[in-house]
Every structure is written in structure tokens, then in C-alpha cells.
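K.L.:
Submitted below is the structure of interest, expressed as C-alpha cells.
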Amino acid sequence: MPNALGLERQDYRAAKSTLCPGCGHDSISNQIISAVYDLSLPMTKVLKFSGIGCSSKTPAYFLRGSHGFNSVHGRMPSVATGATLANAGLYAIGVSGDGDTGSIGFGQFKHLIRRNVPMVYLVENNGVYGLTKGQFSATADEGAKLKYYGKNELPPIDLCLEAIISGCTFVARSFSGDAKQVQTLIKAALSHRGTAVIDIISPCVTFNNSPDSTKSYDYGKAHEVPLHQIDFMPNGFVPEREEITVDSDYELIEVQMHDGSYIRLQQIDKDHDPRNRAAAMAVLEKAQREELFLTGLIYYEEPRPTLAETLDLVDQPLSALSDAQLRPSEDALKNLMAKYS
Amino acid sequence: MSAVNYQPDTRTQSAYQGEPVVNDFALMVATKNGSGSQTSNEVLIRSLFRMGIPVSGKNLFPSNIKGLPTWYTIRASKDSYIARRATTEVAVAMNQDTAAEDIDNLPEGGVCIIPEEWKWGQSRQDIVYYEIPVKATLGLSDIPSDFRDRIANMVYVGACAYLFNMPLDIVRKALLDTFNGKEKPANMNFEVIQNAYDWSKENLVKQDPFRFEPLDLTEGKILITGNEAGALGAIFGGLTVASWYPITPSTSVIDAVLDHKHLRKDPETGKDTVAVVQAEDELAAIGMIIGAGWAGARAMTATSGPGISLMAEFTGLAYFAEIPCVIWDITRMGPSTGLPTRTSQGDLLFIHFLGHGDTRQVALLPGNVAECFEFGWLAFDMADHFQTPVFVMSDLDLGMNIWMSEPFAYPGTPINRGKLLADKEKFEAFLAEHGEWYRFRDYDNDAVPYRTIPGIDHLRAAYFTRGTGHNDMATYSERGEDWVQNLTRISNKIDSSRAILPQPVIDYDPQNEIGIISFGSNDPAVQEGRDRLAAAGIGTNSLRVRALPLAASVKDFIFKHKRVYVVENNHDGQLAQLIRLETAEDTTHMISLPLGDTLPMTAKWVFESVTQWENK
């Protein structure tokens, strides 16, 4: 069925994936395709970024009509920062992995958030390095076991917690096996005017999918505990808001985003209010302590100004300035030279 | 501004009997770092400049905030020589820790100006001492204690003004220039200068031959640092995204961008068209400008050797993925942390070959502040034209010291965005003509492909940028022939730049058998050295390289001479190495003369190095 732009869903696809059959990352690519297609976003207004690793290959597999940049290991955030300054009028989707974000790119990840570069930052998190054949990553759980490298003795880095600490205003965790939730979160993240981090547990079927691995399909399916049922209502979509009554067992939270869209959360864990920063960090710590696989929108707040806003840049893309805007006049140079004489 | 018509109202009372030395001597001020002497030294330079006397200054400073010794040399030259002088006739010894050495270094007949309260004594009989009561002079003015130490330096400005004949009204104007026209600090400082001048006039008897007299050789000229000049060039070249990580000696490039980006403010909204981001490190700085360049910005960073090291991987990607960006390398001594505040040309080979695999980066090599400005804008044009990173390699001497120059010429060519299909109309016109568009296909047989940028409203305008192997359709490829085809085209593209990048500046007379090749900030020393060589009967020609890859004329020049000297300021003779690498013919008549002693080159060194060989 064509969307509002007259495009079919298949028009949003790109090259055929070369990842292992069954890879969690492919299902995330599919949800990106679905989200952008559903929202009828023009692909020419979307930028795709990635670093290096299995996850970082995926931007070649979705949105053929979008410019994409598969950059260097861990440094996609800086490339995305520069590109979104050059043209602040576009949507940006970055795909990274747990090695790319949690190790080599940890600093760039945090500074991207600190600057509030407007982009959807997806971490396809499988706790393992795939392309180099199965080393632990920094998000691997303590005690996790791998075939060749044995037992992981170090505590994991929780990327959601790190994102919140760094000042991220949209932080979510999901599971690639939970397609609907992934897609809804991506849609909501695309409406966020700031860095939106979604840490998606995405099993590596080749190196880290044994049922006892906390990053496996079996584990995820058996243990995923959504904090809420999440719905996203894009701007222009008229929801049947008035008719919804607040159930005594389930709190209903609605968040209006700056573009007029809504996120609606029907709380399952009614103790969790994603608008409370301390609560968000507490729930993540609890999850770590009690080995819970909690998913959903962990934290949300009204975004700070984006980097382009902080820098007070013109509304027009910097990439589209006229020659007259790029070069001051001959008189301007003469006046300047007089000051140095 | 000169003061040709100036008539001194008082004549210095002089006990000196010999010939005066007028407008042709150098002065050295020794102070402690962080003591504020930069301001007083700038006042001296600007005063001479306003007197119409060609002047140059070299700041020899430590990597330190406060306390370590720092020296500033000021050279006045009626012959317009602006290279550093190895020895100075005058020493203003304001640092007790180095005074003994500073006095030792004076030539016979030299002058030492030293605080009276030190009771230093006169260890040398062959120089002139002037002891100045610094504290007492300072005590005459009501100066807030916070400023006391800094303003103390104005005492030697007043003493020098009297001793060497610098009119006080001109010194006052120079002071105002230094304080950007702010009367209040200028007045506070001037009072001290006046008091020191008055004390000197009453108490000192001139016993040395050195004096300044007004000339008319700076009329219409400007004084500026290379880093400011480069930043201005960037502003006039359409810079839109700058990202950097602070590092000596490059920091003032971006400082100057911040100072002048208002020139590019949108007149209606007052908003900026230049984004400046202080990155978390050089890895991020280069990443940001590559992302920005890819998306259509004119993007630059400024750094020095250690930063360049961190940028190696990203610039290799940009070379291979054909992304324009501009990288200023204000070089300092390396390897490693090296000497952060000392000048060097040691990054030449490093930047040219930066990136793993087969890379040859384009580099522009400015030799003076006017070229810093010119290459500041031209670098963006070249980066866009060749779709590749362009390095601009300046150095600490050119970048941080103040230089005289003709006012900068307005860019002589319009902004060149290269083969950029910037919008839907251009893209559709291309499709109409070619029936297709592939990012890395060589449509014009000149090895330069056409590029699109994000935001073009056409579904076929997108392509996937990657550092992995790709074919001319920008799709992933591990096929050997795709790899070879791609790299061959890129290599041809870089070779084609030899004829388009700034060509060498050549001074050639067929009668001369000796040639001197150099680049960058060595030029004043080389030209002055050539004059000295000519006076000694050794006629020379010169060629100054201004870009890498090397222009064809470099090779021609080498084979037109019986002997060629390659003069440069690094340890290993990197330009000579590069020339040899590119020259299959016998170059045994080419002699590498590398300096690399942490300081700006002197004419004396050029003269002595060449004559030593010629006399063999």
C-alpha cells in the first residue's frame, strides 16, 4: 500500500543484507524501514550514519534514497555532528554497536549527547564483537560465557545509564525480538529534537546466542519485561484521546513532543515515571542488580537546544548558502585591513 | 602608518663619538613568561612600524603559563629584512634567572638595559649598561596592585623610547593599537612609559650608536600573525563549519575565526553562518569536519603535529571516500609532544602521506602572511575542486609571530565548489545529459567525479559513503579490478593537482649556477641569505615550493643548476627526501640543508651553510 508520498514499503529498502541469517540487526533494519515508510518521511531528508562493525554495515540495507555514511570505528558521532551542522534540516539515524559505542566510541557517544546533536542513535547491542569473531564487548554481563574467550569477569557498561548521565533527553531500551516496540520507539525518536538513544538488545546468532546468554533470543523472549505499552501518535494523527480512561492498575502517561506528536505510555510497572531522571536511573540500576531485562522508554524530558540552536546558526542549511553569504564584500576586507595597518 | 614628517623635539644627549647605527639593529627583551611582556613588546614593534621602519618580531617562549624564561627579539631593518637575527645588539634583561646568559650573548659594543634595583654590577667592559629604576618609576604612578607586575614592563618601553629615539606620541598611538583603542588601559600604561622616558632623559647619557629614525617603508602595510591571516582567509573563503581541539601553536587560528565570524552574520536575523565547535579531541574535530564536508559545508580544523597524528585514520578515509575538508597544521617540534612552543617544518612528509594504504594528501605551504590569507580561502576551493582533504602547513613562526605585509588582496577568483550537483535542478540536468549518475564514475576523463550532498530532493541523488572497497557506482566491492581502477583514478586526480595548485615562486637568472629550494617561513632567511651570498660572489636562483604534490617546475629547476641546495627547517631534510622520491634521475648535485634547531631560520645560517659547501 503506498504511503502519503506514494511510495511502497519496498521502496524504502536498500541493498540485500550480508549479515548472518537470523541476525537481530536485520530485524531492526526492517523496523527502521517500516517506521520511515509509515511516517511517510521523504528519504531525501534522512541521513544514515554508522561506525564499524556488524551493526554499522546495516545502513546499506535500508533507505536506498537516503545519503549514508559508514565512517570509522566509534567515531560516527563526530561525523553525524558535522553533517547535521552542515544541514540541520534533515533527520539523522545513526546505527552503532556495543563495541562501537561502549568501547572505542564511548567518548564520542557521550559528547554527542552532551551537545544534543539531533539524531536517532541506535545501538544494536549483542555483547560481542562479531566481525572479529566473538570477543566480549563492554556491555557483556558479568559472568557471561563465550566459546573461545571463556568467562567475562568485568561488570557491564549500561549504555542507557551512561546516556542519562551525559544529559540525554530520550533514552530507551528495547529488544530486536520485540518488533513493535522497536518500531514505535524509532518513530518517537524521529520526532525528538535532540539526541535519542535506543539501546536495542540484538542477539548475535553466531557468537552469543546460547540460551544462557543474556543477549540471546531465548533469554530475551523469556525475560523481557516492558515497563509500559508504548504508542506513538505522529503529528496530524488525531488520537481518540478523550475516550481513554485511566485504569486504576495502569497509569497512563502522555508526552507531547515538540513537533506535535504524542507518546502514550500505558504503564505496566506503574512505579516507573520516565519523566523522572532519578527514577530512570534507579530503574536501570535495579534492572542490573536483579538481572531484569526491562524495556521501553526509560527516560524522557523536554529537549535542551540542539547544537545548531546553541550555535545560533541561520535557519538555512549551511550547505546551501549563496556565494554572497559565503564571502564578505571587498569593502569588508578593506575595512579590516585598515584595522591592521 | 608612517611618520615621515616627524621631527624629534629633543635630541638624545650623547657621549657616543662613533658612527651611529640607524634602523639596522635588533633588540632582545628577556622576561618571565606570563609577566605581560607580550604587550610591551608589541608596543615597541608597533611604534617602529608607525615610524615607517620595517620591523619583525620573534617570540621565543616556553611551554609554560607563568615563570619560565621567555625572549622576544625585535629587528628593525632599513633594508626590509625580516628574518630572525641570531644575535641582537641590545638586551633588555628583565629576568634575573637568565640575565647572566643574556649579557654574555651580547656582541662587543652591545647594550644592556637592566633594573637598577638588582645591583647587578658590570661584568663586561665591552658593552654599555643602562640601569633603570623599575620599581621607583612604577612607584610614581598610582597603579592597582593587580596590574603592577604587568605594567612594570612599560618601564623598559619608556627607556628604549628615550635611548633609541622613538617619539612618545607614536609610542602612545602604538599603545592604543595594542589595546584596541581602549583609552583607559592605554593611559595607565602610558603614564609609566612617560615617567621612564623622563627619568632616562634626565639621568642617562647615551653611550651607544643605536638609534631609530623615521622612514617611509611601512606606508600602507599591515601587521598581522599568520594564524589570524589564515582565519581571515577561511572567513572570506566561505568557511561554514570549524571544529578543533586546542593545541599550541594552532589555537589562535580558531580564536581569530571566533573574532571575525561576525563578518559573515546574516544581516537580517543576526544569526551565524559559521559554526565553531570545540571538540573533545582531534579525533572528533576531524570527524566533524569530514561529516560537514560530506554534507556540503566548507569545513576546516586547525591543529599541530600531535593532532595530525590522531587525524590519520579519518583523513585516510576522506582521501579514499573523496570528501573535501581543510586541515591547518601549524607545525611545532616533534616527534611526540616535542617542543610545543618551538617552530619546525617537521610534518611535511607526515601530512603528505597521512593515512594507511596508498595516500598522497594535497598540501598548501604558505610562505608569508599574505599567502596564509590566500591559501585560507583557496584551500576550500581546492578541496571542493579535487574532492579531497587539503592540508595547509604553516608553522609556529609564521603562525604566531607578527609580520609586516601588504594588505591582503581580495580573492581573485569566485568561490569554486567543484563538481557539486548542489540541488535538484543541477542533478536532473546531469541525469538528462548522462542518463545516469554514479558517484565515482569519471565522466569528464579528468579523474574528478561528480558529487551530490544530502538534502537534494531527488531519490537517485543518494549514495552510500564508505571507507571499504567500492566500485565507481559506490557499491561495496572486494573485486581487485574495482580496487585498482578506483585507486588509479584517485592517484591520477592527485597528480592532476600539480598543475592547478599554487605554483612555486621562482627567481631565476640563467647566469647563476646555484639554486636554492625552500618552502614556508624560511623565505625571509633564504632571500636575505641570497643577498649575502651574492655580495660574497655566489649568485643564486631560488624556488619556493608552495604545494604538494610537487609542481613539475621543481624538477626543471633542479636540472637547470650545477648545484641545488634544499633548505628547510626540520631535522631529516624532508623536502629533499620527497624530491628524491619523485625524481628518477641522478640528483647527486642536490644537497639537503636541514636546520631543525627549534628556532626560525636566520640568513646567517643560510649563508654559512651554503658557503661551507661551495668552499669545499
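K.L.:
Would you pick out the residues in segment A:270-319 that are among the charged types (D, E, K, R) and not in a helix (DSSP H, G or I)? So that I can check it myself, show each step before the final result.
P.N.:
Filtering segment A:270-319 for residues among the charged types (D, E, K, R) gives A:270-271, A:273, A:275, A:277, A:285-286, A:289-291, A:301-302, A:304, A:309, A:312, A:315.
Scanning segment A:270-319 gives A:LYS270, A:ASP271, A:ASP273, A:ARG275, A:GLU290, A:GLU291, A:GLU301, A:GLU302, A:ARG304, A:ASP312, A:ASP315.
K.L.:
Do you know which residues across segment B:465-519 are among the acidic types (Asp, Glu) and more than 39 Å from the chain's Cα centre (by Cα)?
P.N.:
Residues of segment B:465-519 that are among the acidic types (Asp, Glu), as a first pass: B:472, B:478, B:481-482, B:495, B:507, B:509, B:513.
Matches in segment B:465-519: B:ASP472, B:GLU478, B:GLU481, B:ASP482.
K.L.:
Hey, B:SER394 hits all of (1) more than 21 Å from B:LEU575 (Cβ to Cβ); (2) touching a strand residue (DSSP E or B) at 6+ places or on another chain (Cβ under 7 Å) but one; which does it fall short on?
P.N.:
Against the list (1) more than 21 Å from B:LEU575 (Cβ to Cβ); (2) touching a strand residue (DSSP E or B) at 6+ places or on another chain (Cβ under 7 Å), B:SER394 comes up short only on (1).
K.L.:
If you scan segment B:470-480, which residues turn out to be over 23 Å from A:GLY74 (Cβ atoms) and more than 8 Å from chain A (Cβ to nearest Cβ)?
P.N.:
Let us first name the residues in segment B:470-480 that are over 23 Å from A:GLY74 (Cβ atoms), namely B:471-475, B:477-480.
Scanning segment B:470-480 gives B:ASN471, B:ASP472, B:MET473, B:ALA474, B:SER477, B:GLU478, B:ARG479, B:GLY480.
K.L.:
Before we move on, is B:PHE49 more than 20 Å from B:ARG532 (Cβ to Cβ) and at pLDDT below 95? Step through it out loud before you land on a result.
P.N.:
Numbers: more than 20 Å from B:ARG532 (Cβ to Cβ): yes; at pLDDT below 95: no.
No, not satisfied.
K.L.:
May I pose another question? Among B:ASP442, B:ASP384, which is the only one that is under 30 Å from A:SER50 (Cβ atoms) and either assigned by TED's automatic domain parsing to the domain that holds B:LEU599 or part of a loop (DSSP other than H, G, I, E, B) (or both)? Even if it seems obvious, please write down each step before you answer.
P.N.:
Working: B:ASP384 fails: either assigned by TED's automatic domain parsing to the domain that holds B:LEU599 or part of a loop (DSSP other than H, G, I, E, B) (or both).
One residue alone meets the criteria, B:ASP442.
K.L.:
Is there any pair linking a residue in segment B:41-52 that is on the phi < 0 side of the Ramachandran plot to one that is among the charged types (D, E, K, R), with Cβ under 7 Å and at least six apart or on different chains, and which?
P.N.:
As it stands, the answer is B:ARG46/B:ASP177; B:ARG50/B:LYS173, since those pairs meet every condition given.
K.L.:
Just give me the residues in segment B:193-236 being within 14 Å of another protein chain (Cβ to nearest Cβ) and among the hydrophobic types (A, V, I, L, M, F, W, C), in sequence order.
P.N.:
Within segment B:193-236, B:LEU217, B:ILE222, B:LEU223, B:ILE224, B:ALA229, B:ALA231, B:LEU232, B:ALA234, B:ILE235, B:PHE236 qualify.
So that you can scan it fast, the table gives a plain yes or no per residue for (1) surrounded by fewer than 22 Cβ atoms within 10 Å (Cβ to Cβ); (2) under 19 Å from the mean Cα position of the chain (by Cα); (3) of a type in the set (Gly, Ala, Ser):
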residue	(1), (2), (3)
B:SER336	yes, no, yes
B:SER344	no, yes, yes
B:LEU349	yes, yes, no
B:GLN361	no, no, no
B:PRO366	no, yes, no
B:ALA370	yes, yes, yes
B:PHE380	no, yes, no
B:THR388	no, no, no
B:MET393	no, yes, no
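K.L.:
A further question on this structure: Restricting to segment B:422-465, give me the number of residues that are small (Gly, Ala, Ser) and more than 20 Å from A:ALA88 (Cβ to Cβ).
P.N.:
Filtering segment B:422-465 for residues small (Gly, Ala, Ser) gives B:422, B:429, B:432, B:435, B:447, B:455, B:461-462.
Keeping just the survivors that are more than 20 Å from A:ALA88 (Cβ to Cβ) gives B:429, B:432, B:435, B:447.
Adding up the residues that qualify gives 4.
K.L.:
Please state which one of A:ARG277, A:ARG327, A:ARG289, A:ARG264 is without any contact (Cβ under 8 Å) to a residue 24 or more places away in the chain, charged (D, E, K, R) and within 30 Å of A:GLY220 (Cα to Cα). Working first, answer last.
P.N.:
Working: A:ARG277 fails: without any contact (Cβ under 8 Å) to a residue 24 or more places away in the chain; A:ARG327 fails: within 30 Å of A:GLY220 (Cα to Cα); A:ARG264 fails: without any contact (Cβ under 8 Å) to a residue 24 or more places away in the chain.
Of the residues listed, the single one that is without any contact (Cβ under 8 Å) to a residue 24 or more places away in the chain, charged (D, E, K, R) and within 30 Å of A:GLY220 (Cα to Cα) is A:ARG289.
K.L.:
Another one. With (1) in contact with a Phe, Trp or Tyr (Cβ under 8 Å, 6 or more places away or on another chain); (2) more than 13 Å from every other protein chain (Cβ to nearest Cβ); (3) closer than 23 Å to B:GLY233 by Cβ as the list, and B:ARG332 as the residue in question, which single condition is left unmet?
P.N.:
(1)
K.L.:
Take B:ASP531 and tell me if it is under 30 Å from B:ARG75 (Cβ atoms) and surrounded by fewer than 17 Cβ atoms within 10 Å (Cβ to Cβ).
P.N.:
Details: under 30 Å from B:ARG75 (Cβ atoms): yes; surrounded by fewer than 17 Cβ atoms within 10 Å (Cβ to Cβ): yes.
Yes; evaluated as a whole, the condition is true for this residue.
K.L.:
Mind checking whether some residue in segment B:450-457 is away from chain A (no Cβ under 14 Å) and either touching a helix residue (DSSP H, G or I) at 6+ places or on another chain (Cβ under 7 Å) or on the phi > 0 side of the Ramachandran plot (or both)?
P.N.:
Step one: filter segment B:450-457 for residues away from chain A (no Cβ under 14 Å), giving B:450.
Imposing the further condition that a residue be either touching a helix residue (DSSP H, G or I) at 6+ places or on another chain (Cβ under 7 Å) or on the phi > 0 side of the Ramachandran plot (or both) reduces the set to B:450.
Yes, the conditions are met somewhere in segment B:450-457.
K.L.:
Another question, then. If I ask for residues that are among the aliphatic types (A, V, I, L, M), in contact with an Asp or Glu (Cβ under 9 Å, 6 or more places away or on another chain) and farther than 26 Å from A:LEU131 by Cα, which ones from segment A:191-222 would you list?
P.N.:
Scanning segment A:191-222 gives no hits.
K.L.:
Find the residue count for segment A:18-36, including only residues that are within 14 Å of chain B (Cβ to nearest Cβ), more than 20 Å from B:ARG466 (Cα to Cα) and not hydrophobic (A, V, I, L, M, F, W, C).
P.N.:
Qualifying residue count for the region: 0.
K.L.:
Spot the failing condition for B:THR269; the list is (1) of a type in the set (S, T, N, Q); (2) crowded, with 20+ Cβ neighbours inside 10 Å; (3) facing chain A (nearest Cβ under 9 Å), and only one is missed.
P.N.:
That leaves (2) as the condition not met.
K.L.:
Considering segment B:1-28 alone, what residues qualify as being of a type in the set (Gly, Ala, Ser) and either modelled with pLDDT of 60 or more or in a helix (DSSP H, G or I) (or both)? Spell out how you get there, then give the answer.
P.N.:
Residues of segment B:1-28 that are of a type in the set (Gly, Ala, Ser), as a first pass: B:2-3, B:14-15, B:18, B:26.
B:SER14, B:ALA15, B:GLY18, B:ALA26 - these are the residues of segment B:1-28 that are of a type in the set (Gly, Ala, Ser) and either modelled with pLDDT of 60 or more or in a helix (DSSP H, G or I) (or both).
K.L.:
Which one of B:ASP208, B:ASP216 is under 18 Å from B:ARG50 (Cβ atoms), out of contact with any Cys (no Cβ under 7 Å at 6 or more places or on another chain) and touching a residue at least 40 places away in the same chain (Cβ under 8 Å)? Walk me through how you get there before you give the answer.
P.N.:
Working: B:ASP208 fails: under 18 Å from B:ARG50 (Cβ atoms).
Exactly one residue qualifies, and that residue is B:ASP216.
K.L.:
Would you confirm whether or not segment A:44-61 contains a residue that is farther than 21 Å from B:PHE320 by Cα and in contact with a Phe, Trp or Tyr (Cβ under 8 Å, 6 or more places away or on another chain)?
P.N.:
Scanning segment A:44-61, I find at least one residue that is farther than 21 Å from B:PHE320 by Cα and in contact with a Phe, Trp or Tyr (Cβ under 8 Å, 6 or more places away or on another chain), so the answer is yes.
K.L.:
Follow-up question, since we're still on this one. Out of all the residues in segment B:29-60, which are among the charged types (D, E, K, R) and either under 18 Å from B:ASP177 (Cβ atoms) or part of a loop (DSSP other than H, G, I, E, B) (or both)?
P.N.:
Quick first cut of segment B:29-60, residues among the charged types (D, E, K, R) only: B:32, B:42, B:46, B:50, B:58.
Listed by number, the residues that qualify are B:GLU42, B:ARG46, B:ARG50.
K.L.:
Could you figure out which of (1) of a type in the set (S, T, N, Q); (2) over 23 Å from the mean Cα position of the chain (by Cα); (3) within 30 Å of B:ASN59 (Cα to Cα) isn't true of B:THR598?
P.N.:
Against the list (1) of a type in the set (S, T, N, Q); (2) over 23 Å from the mean Cα position of the chain (by Cα); (3) within 30 Å of B:ASN59 (Cα to Cα), B:THR598 comes up short only on (2).
K.L.:
Return the residues of segment B:328-348 that are outside any loop (DSSP other than H, G, I, E, B) and either of a type outside the set (Ser, Thr, Tyr) or free of Cβ contacts under 8 Å to residues at least 12 places away in the same chain (or both); say none if nothing qualifies. Give the derivation first.
P.N.:
Just the residues of segment B:328-348 that are outside any loop (DSSP other than H, G, I, E, B), to begin with: B:328-333, B:339-343, B:348.
Within segment B:328-348, B:TRP328, B:ASP329, B:ILE330, B:ARG332, B:MET333, B:LEU339, B:PRO340, B:ARG342, B:LEU348 qualify.
K.L.:
I'm trying to understand the selection: among the residues of segment A:37-56, which are more than 13 Å from every other protein chain (Cβ to nearest Cβ) and not aromatic (Phe, Trp, Tyr)?
P.N.:
Filtering segment A:37-56 for residues more than 13 Å from every other protein chain (Cβ to nearest Cβ) gives A:37-40, A:54-55.
Correct list: A:ASP38, A:LEU39, A:SER40, A:CYS54, A:SER55.
K.L.:
Additional query: Which of the helices (runs of 4 or more DSSP H) contained wholly in segment B:175-278 include at least 1 residues that are outside the structural domain of B:GLY520 (by TED's automatic domain parsing) and closer than 30 Å to B:LEU163 by Cα? First the steps, then the outcome.
P.N.:
Working: elements: B:183-203, B:226-236, B:251-260.
The qualifying helices (runs of 4 or more DSSP H) are B:183-203.
Residue-wise test of (1) away from chain A (no Cβ under 14 Å); (2) surrounded by fewer than 21 Cβ atoms within 10 Å (Cβ to Cβ); (3) under 23 Å from B:LYS560 (Cβ atoms).
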| position | (1), (2), (3) |
| --- | --- |
| B:THR468 | no, yes, no |
| B:ASP482 | yes, yes, no |
| B:ASN486 | yes, yes, no |
| B:VAL505 | yes, yes, yes |
| B:SER518 | yes, no, yes |
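K.L.:
Scan (1) in contact (Cβ under 8 Å) with a residue 24 or more places away in the chain; (2) over 23 Å from B:PRO340 (Cβ atoms); (3) away from chain A (no Cβ under 11 Å); (4) crowded, with 19+ Cβ neighbours inside 10 Å for the single condition B:LEU239 breaks and write down its number.
P.N.:
The single condition B:LEU239 does not satisfy is (3).
The values are calculated or read from the model by the stated rules, or taken from the named source; none is laboratory data. Values in this document were obtained by computation on a predicted structure and should not be read as measured data. In this analysis, Cβ positions are derived from the backbone assuming ideal geometry, glycine residues included, and neighbour counts consider all displayed protein chains.
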